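Chemist: Let me give you the structure first, and then I'll get to my questions.
Where a number appears in this text, it was derived from the coordinates with a stated rule and is not lab data. From a predicted model like this one, the values you see are computed outputs, not experimental measurements. In this analysis, Cβ positions are derived from the backbone assuming ideal geometry, glycine residues included, and neighbour counts consider all displayed protein chains.
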Amino acid sequence: MILPGKKSDFNDILDIINDAASAYRGIIPADRWHEPYMSEHELQIQIEDGIRFWCYFDNGNIVGVMGIQDKSDVTLIRHAYVRTAVRNKGIGSKLLNYLSELTTKPILIGTWAGATWAIDFYKKHGFHLVSFDEKERLLRRYWTIPIRQIETSVVLASSNWTNINQPGLQNGIQL
Ligand SMILES: CC(C)(COP(=O)(O)OP(=O)(O)OC[C@H]1O[C@@H](n2cnc3c(N)ncnc32)[C@H](O)[C@@H]1OP(=O)(O)O)[C@@H](O)C(=O)NCCC(=O)NCCS
């Protein structure tokens, strides 16, 4: 039921992202909201940048998507979206569990600070919010997003994430 996204799935993936992202309306800063939330061009760029989308199929239709991106020492989960009509049925959990099994590296997830439901969702799956300073550093290091998005986002990390790469730290020990 969970399959890698194919070229022919592009329009469905785009459609699900823009349907599910309607949850952000009135929640994320007004200057970051635009419609459609993601353009065809933007999605193309994200895929060219190395995000691999996985699709959850129900009765032959894609109803949820989630992206995974390798970033050398960590793995990012990007763009987790489940169709509004079928939310809260376990689809997001199944996608997250499936993608988490595809890597042994620590997983980082960035989301809007205002998307409290998404933060709770990831926390229930064992992720924790990193500190303000750490999220500022991580978003600059692993993501390519505008400064304004950094200011208004949070980062969650899997339990095997340790901040050993933080300046001034070696193997997690303060120098
Ligand atoms: C965040 C998101 C991907 C989660 O997907 P989802 O399919 O709704 O997630 P799940 O159904 O697995 O889990 C969500 C809730 O449903 C509950 N649930 C799971 N299976 C269920 C079932 N069979 N029946 C009823 N509820 C169920 C879960 O317990 C959870 O509820 P809780 O938070 O009160 O514990 C989805 O809400 C979404 O697309 N949101 C809008 C976009 C967004 O915020 N994306 C995150 C970007 S980083």
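Chemist: Over the chain, with a single point scatterer placed on each C-alpha, what log10 of the ratio I(q)/I(0) does the Debye formula yield at q = 0.09, 0.12 1/Å?
Modeler: -0.30, -0.54
Chemist: Quick one: helix 132-142 against the long Cα principal axis of the chain, what's the angle to the nearest 10°, folded into 0 to 90?
Modeler: Compared with the principal axis, the helix lies near 60 degrees.
Chemist: A further question follows. Ordered by residue, what ³J(HN,Hα) values in Hz, to whole numbers, does segment 20-30 give under the Karplus form 6.51 cos²θ - 1.76 cosθ + 1.60, where θ = phi - 60° and Gly and Pro are x?
Modeler: These are the phi-based 3J(HN,Hα) values: 5, 5, 4, 4, 7, 4, x, 10, 7, x, 4 Hz.
Chemist: Moving to a separate point now. Could you give the angle, 0 to 90 degrees to the nearest 10, between helix 91-100's Cα long axis and the longest principal axis of the Cα atoms of the chain?
Modeler: Taking the Cα atoms of the chain, the angle to 91-100 is about 50 degrees.
Chemist: Just to be sure I understand the model, the point goes 7 Å from the Cα along the line to the Cβ. What's the resulting ALA85 to ASP31 distance in nm?
Modeler: Result for the modelled spin labels: 3.7 nm.
Chemist: Could you sort out which of LYS71/LYS135; LYS6/LYS123; LYS6/LYS89 sit more than 20 Å apart by Cα distance in this structure? All intermediate terms of the calculation are to be shown ahead of the outcome.
Modeler: Values: LYS71/LYS135 16 Å; LYS6/LYS123 30 Å; LYS6/LYS89 24 Å.
Where the Cα-Cα span goes over 20 Å, the pairs concerned are LYS6/LYS123; LYS6/LYS89.
Chemist: Here's another thing I want to ask about it. When the Karplus curve 6.51 cos²θ - 1.76 cosθ + 1.60 is applied with θ = phi - 60°, which whole-Hz ³J(HN,Hα) does each residue of segment 143-156 get, with x for Gly and Pro?
Modeler: 10, 10, 9, x, 3, 4, 6, 4, 4, 10, 10, 10, 10, 10
Chemist: Which FRET efficiency, nearest 0.05, do LYS6 and GLN44 yield, Cβ-Cβ r, R0 22 Å?
Modeler: On the way: r = 14 Å, r/R0 = 0.66.
Approximately 0.90, to the nearest 0.05.
Chemist: Based on Cα coordinates alone, diagonalise the gyration tensor for segment 39-95, multiply each eigenvalue by 5, take square roots, and list the semi-axes in whole Å, largest first. Walk me through the intermediate numbers first.
Modeler: Details: eigenvalues 98, 40, 16 Å².
Over the Cα atoms of segment 39-95, the ellipsoid semi-axes are 22, 14, 9 Å.
Chemist: Along segment 51-57, what does the Karplus equation 6.51 cos²θ - 1.76 cosθ + 1.60 (θ = phi - 60°) give for ³J(HN,Hα), rounded to whole Hz, x for Gly and Pro?
Modeler: Each residue of segment 51-57 in turn: 7, 9, 8, 10, 10, 9, 9 Hz.
Chemist: For segment 55-147, run through the GluC sites (Glu not before Pro) and keep only the ones in DSSP coil with at most 14 other Cβ atoms within 10 Å of their Cβ.
Modeler: Details: sites: GLU101, GLU134, GLU136; in loops: GLU101.
When the GluC sites (Glu not before Pro) of segment 55-147 are filtered for loop state and at most 14 Cβ neighbours within 10 Å, GLU101 remain.
Chemist: Shifting gears a bit: Picking from LEU102, LEU139, LEU76, which is most flexible by a Gaussian network model of the chain using Cα springs under 10 Å?
Modeler: Its mean-square fluctuation being the largest, the pick is LEU102.
Chemist: What are the residues whose amide H is under 5 Å from the amide H of SER153, where those residues sit 5 or more places off or on another chain and H is modelled from the backbone?
Modeler: Close amide H contacts, sequence-distant or interchain: ALA113.
Chemist: Between ASN59 and GLU101, what's the calculated FRET efficiency when r is the beta-carbon distance and R0 is 25 Å? Round to 0.05.
Modeler: It comes out at approximately 0.55.
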